[in-house]
Amino acid sequence: MVLFIIEALWLVAAAYTANAFPVIVHGKKPLDLGKTYRGRRVLGDGKTIIGTIAGILFGIFIGSMQVLFQGEIPAEWGLSLTVMTWSMVILLSVGAIVGDLLGSFVKRRYGIEQGGKAPLLDQLGFLIVAFLFVSIVHVPDLVYIVTLLIITPLAHVATNGFAYLLKIKDRPW
Ligand code: CTP
Ligand code: MG
């Protein structure tokens, strides 16, 4: 069970990283440059240029570590890890960020202000788009997809709560 969850997390490590890293960077200049669409911000102040770039790059960085060092993981650990490739790592990182941006775009269209809650969309938007992107080169096992769709919202809530306690984030979601 634990091994299986590790295998699932291994598959999306780059996407998780790309999604989580911008929160730490805290960029300033918004990616939508303050532009509005039908009276509302296109994306809002929560999606910054630096955060977006840093997220993609750091996701790719973590994924590169997987690509380069996956051969070193001892067989005795009994993990059957998905073989990661450069294209998977790039697609997972870019997909996660695109999914996150799309989520904000959708929230603004529904009139939810920046930082407002959108249950499931906030937690799964990045993951679903990362899955779609990576499927261009490698369709993940369905069991991994289902497992991740279940554990990601829980992990997301936990890490955001933690970031809030550390005052990295101004709201616990
Ligand atoms: N962040 C960033 N650039 C991104 C994504 C996130 O700089 N592309 C930073 C911002 O400081 C943002 C914080 O990470 O406020 C938290 O991200 P998130 O919860 O995804 O955004 P929200 O501020 O909640 O905005 P939204 O309502 O649009 O989701
Ligand atoms: Mg948020």
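The values are calculated or read from the model by the stated rules, or taken from the named source; none is laboratory data. Worth saying up front: this structure is predicted, and the values here are computed from it rather than measured. For accessibility, only protein heavy atoms count, side chains too; no ligands or nucleic acids. Shrake-Rupley method; radii C 1.70, N 1.55, O 1.52, S 1.80 Å.
Table for the structure above
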| item | result |
| --- | --- |
| Helix 2-25 axis, angle to the chain major axis (alpha carbon atoms, nearest 10°) | 30 |
| Sum of -39500 (n - 2.57) over DSSP H runs of 4+, divided by residues of the chain (222 nm, nearest 500) | -21500 deg cm²/dmol |
| Listed residues Leu31, Leu91 arranged by accessible area, highest first, probe 1.4 Å | Leu31, Leu91 |
| Nearest-ten-degree value, helix 86-109 long axis tilted from longest Cα axis of the chain | 30 |
| Nearest-ten-degree value, helix 142-165 long axis tilted from longest Cα axis of the chain | 50 |
| Ratio Rg/Rh [Cα only; Rh per Kirkwood] for the range 13-135 | 1.06 |
| Accessible area per residue, Å², the chain with all protein chains present, probe 1.4 Å | 56 |
| Percent accessible area from carbon and sulfur atoms, the range 38-173, protein chains only, probe 1.4 Å | 70 |
| Accessible area (Å², 1.4 Å probe, nearest 10) - Val83 | 100 |
